[in-house]
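Below you'll find the structure, written out as structure tokens, and then a few comments.
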Amino acid sequence: MIDHGIALPHYRLHVVPAVVALASPTWQREVWLDPDQFEDLNYIVHVLFDDFCDADNPSPWLGQCLRSE
């Protein structure tokens, strides 16, 4: 993975799939509604707001796990 000078590029391995999951109704139906899967909306919110960035205030994460504005 090319890090582009980002301090924590491995965080993108969690952030990018979370954003993609939010953009895919098919994924949401097939995965989030399946009780045998670990991923659901709560997991995605946790990733985006608690673990790997702060979606309410992303500015401090620029250069950490987010590449640019």
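Approximating the spin labels as points 7 Å out from Cα along Cα→Cβ, the residue 33-to-residue 51 distance works out to 2.4 nm. Per-residue extension of 0.36 nm, minus the Cα-Cα distance of residue 41 and residue 24, leaves a gain of 4.9 nm for this segment.
Computed from the coordinates by the stated procedures, all read-outs in this text should not be read as laboratory data. Quick caveat, the model's predicted, so the values are computed rather than measured. All Cβ positions, glycine included, derive from the backbone under ideal geometry; neighbour counts span all protein chains shown.
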